[in-house]
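Contents: one structure, followed by commentary.
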Amino acid sequence: MSQGHLPVAGRADVRRALLDLVRADGRAFGVVLALNALAALVGLAGPWLLGRMIDDVRAGRGVAAVDRLALLLLLCALAQVLLARWARYLGHRFGERTLARVRERFVDRALALPASSVERVGTGDLTARGTADVTTVGNTLRDAGPVLLVNLVQALFLVAAVFLTDPLLGALTVLGTTPIWVVLHWYLNRAREGYLAEGAATSDVAEIVTSTAAGARTVEAFRLREQRTAASRDALETSRRTRFHTLFLRTVFFPVVETSYVLPVAGALVIGGALYSSGSMSLGAVVAAALYLQQLSAPLDEVLVRIEQLQSSGASFARVEGLARAPRAVGEGDGPDPDGDRIDVTGVRYAYEGGVEVLRGVDLTVRPGERLAVVGPSGAGKTTLSRLMAGIDAPTSGSVTVGGVPVVGLGPERLRRQVVLVTQEHHVFLGSVRDNLRIAEPSAEDEELWQALAVVGADAWVRELPQGLDTTLGQGGCRTDGSQAQQLALARVVLADPHTLILDEATALLDPTTARHTERTLAAVLEGRTVIAVAHRLHTAHDADRVAVMQDGRLTELGTHDESVAAGGAYAALWHSWHGELPGNGKASV
């Protein structure tokens with residue numbers, strides 16, 4: 001997995017995944033294939049019957065004979081239409097079911113990705129794959145797939161019919177389509193990489209747009225507008241170049257194909273006319289062969305158009321299936337169970353990819369039931385340490401264990417019961433209040449949900465919603481402000497009921513009074529459990545059992561609030577500074 005993008009599946013992986021999808025609904029696929037074959041077979045009767053009619057007229061047979069052939073021709077045409085329509089209907093149903101499997105598999109794999117992997121590549125790539133790429137695959141499965149199948153079977157039957165009419169004309173047909181196969185080979189050798197590059201460029205554009213929109217206030221505060229505009233312009237220019245490259249491939253491919261369609265028909269008329277003049281072939285056979293070849297252009301054109309579409313959707317499918325090659329969170333049955341709740345941080349060092357070390361030899365033991373506050377200036381490594389203790393990231397060296405077991409090695413469900421990290425980044429998911437809460441505990445009853453809401457002080461405003469717990473939140477429903485969303489996140493923590501709770505400025509968006517009430521209420525509910533708080537307001541450190549001071553990636557002080565203040569070090573300076581500013585603004589960032 002590259003630093004900027006998730007993996008892309010190889011050709012063999014894509015073929016294997018496609019065969020798995022077909023096998024999952026093999027009976028329906030077989031029925032669609034059989035109906036297409038029948039429709040194509042019935043369609044071959046038209047030119048043959050028309051040729052017979054011409055020969056009968058030349059032979060002087062009566063009107064009755066021609067009428068019988070005409071009626072049979074009409075019935076065959078009607079049967080072909082009905083069979084083709086039935087086949088396409090079943091093909092669309094097959095495509096929709098298959099698309100549902102693709103979406104479900106994508107969601108399962110996306111949810112199985114470690115949080116660190118998602119954050120490393122950014123949300124743009126994952127979003128582009130889950131929207132544009134899945135949509136492209138869906139359109140192909142629903143529309144292009146059935147159409148391609150119908151026309152491919154029809155084209156093969158038409159070529160076979162020309163061979164049966166006259167082997168020489170059949171060989172001429174194959175020879176006349178040689179330019180098509182040459183340009184197709186040229187195109188296929190270049191199209192996949194071109195469309196993959198186009199998809200990656202689209203992901204980069206999505207990442208730039210989403211990250212800039214999400215950090216708009218930061219961009220304005222630090223006057224980064226020009227830099228973000230330049231980055232957006234570069235991403236769009238790369239996207240433009242990749243799209244122009246695939247456009248160039250199409251402008252070479254399609255003109256050659258279009259001009260090649262007339263060669264077999266012209267050759268059949270010339271050679272067929274010569275054979276008719278020499279008496280080697282009847283006029284009806286020449287007409288039938290010419291009509292077969294004329295009909296061949298329509299399905300062949302459709303097949304080649306869909307092949308071009310398949311290159312785009314194949315690249316999208318490779319990006320969608322690429323999640324299978326991404327690192328996955330550890331399974332629930334892997335590794336031993338933790339023996340106790342103690343968290344040990346031993347000799348931990350950590351550096352982000354391509355960056356300097358942000359943690360330098362940190363040693364810390366968090367005792368079960370302890371309330372620990374982690375304070376320090378911005379960039380000291382507080383958040384990084386909290387992520388390591390929550391198992392989101394693995395240390396570059398050293399170890400972080402809970403009950404003697406590496407935290408990063410615990411599966412998602414076991415980890416959720418051990419350690420939960422709550423940050424100031426919070427999400428309200430599209431759905432009811434009940435759905436948002438049951439993410440943490442699917443089996444929770446309404447009484448438990450109300451209790452969790454009451455713990456964080458959110459029950460009052462939830463009761464005022466139009467349908468209470470059934471009220472839909474998010475887009476199209478009731479909007480929530482930052483503090484309400486944060487309270488919902490904290491209520492989920494209460495429902496998860498972990499033995500260790502890590503709060504990384506989790507109450508930063510609440511007003512001071514509400515934040516203090518929420519933190520104290522949480523502490524009361526989690527009595528006997530471990531609480532690690534990355535402190536935003538120093539009253540959190542004042543109420544803690546111990547205070548850990550981080551500076552320049554190192555743990556420089558560790559002790560109670562009174563001990564740390566009395567020591568006259570960095571914490572004492574922070575405390576006096578914050579306490580002095582308290583009347584003015586009520587908080588200070590540390």
key: Scaled radius of gyration (Cα, divided by 2.2 N^0.38 Å) that the range 173-262 gives   = 1.65
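Please arrange LEU158, LEU72 by how many other C-beta atoms lie within 10 Å of their C-beta, fewest to most. Display every interim value, and only then the final one.
Details: LEU158 25, LEU72 15.
Going from sparsest to densest Cβ surroundings: LEU72, LEU158.
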inquiry  = With an 8 Å Cα cut-off and a minimum separation of 6 or more residues, compute the relative contact order for the chain in percent.
reply    = 15
key: At least 18 Å along the helix axis (C-alpha) and Kyte average at least -0.5, DSSP helices within the chain   = 11-24, 26-43, 45-58, 63-112, 145-165, 178-214, 262-277, 283-321, 482-496, 512-525, 570-585
note = Non-local residues with an amide H under 5 Å from the amide H of VAL534, with H modelled 1.01 Å from N and Pro and chain starts lacking one, are VAL374, LEU503, ASP504, GLU505
request  = Work out the P(r) tail for the range 344-409: percent of alpha carbon pairs separated by more than 17 Å, whole number.
outcome  = 37
query = Do the sum for the chain: with -39,500 (n - 2.57) for every DSSP H run of n ≥ 4, divided by all residues, what is the mean residue ellipticity at 222 nm, to the nearest 500 deg cm²/dmol?
reply = -21000 deg cm²/dmol
inquiry  = Highest mean first, how do 415-422, 361-368, 125-132 rank when packing is the count of other Cβ atoms within 10 Å averaged over residues?
reply    = 415-422, 125-132, 361-368
key: Cα centroid of the range 409-453 to Cα centroid of the range 1-65, whole Å   = 50
remark   = Quick calc: nm separation of the 7 Å Cα→Cβ label points for THR131 and GLU104 -> 2.5
message = Going 7 Å from the Cα of THR229 along its beta-carbon direction, which residues of the range 168-208 have the amide nitrogen within less than 17 Å of the resulting point?
response = none
Compactness of the range 438-485 - radius of gyration and Dmax, Cα, Å = 10.9, 28
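Between beta-carbons, use under 15 Å as the cut-off and find the net charge around PRO442, counting Lys and Arg +1, Asp and Glu -1.
-2
Counting pairs of alpha carbon atoms under 8 Å apart in space and at least six apart in sequence, what relative contact order in percent does the range 353-477 give?
Across the range 353-477, relative contact order equals 18 percent.
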key: Label selected from (i) -0.30, -0.53, -0.67; (ii) -0.50, -0.73, -0.85; (iii) -0.38, -0.63, -0.78, the criterion being log10 I(q)/I(0) by the Debye sum over Cα atoms at q = 0.06, 0.08, 0.09 Å⁻¹ as computed here   = (ii)
ask   = Of the listed peptides 41-47, 475-481, 403-409, what is their order by residue-averaged count of other C-beta atoms within 10 Å, with the highest listed first?
value = 41-47, 403-409, 475-481
key: Rg/Rg_globular for the range 196-336, with Rg_globular taken as 2.2 N^0.38 Å and Rg from C-alpha atoms   = 1.89
Rg to Rh quotient for the range 343-582, alpha carbon positions, Kirkwood Rh = 0.99
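Under 14 Å from the Cβ of LEU72, count the other residues' Cβ atoms, weight Lys and Arg +1, Asp and Glu -1, and hand me the total.
Charge balance near LEU72 sits at 0.
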task = In Å and from the alpha-carbon atoms only, list the Rg and Dmax of the range 11-325.
result = 25.7, 93
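Bear in mind that the values in this text are calculations on the coordinates, not laboratory data. Treat the numbers as computed from the prediction; the structure is a model and nothing was measured. Counting neighbours? That spans all protein chains shown, and the Cβs are built from the backbone with ideal geometry, glycine included.
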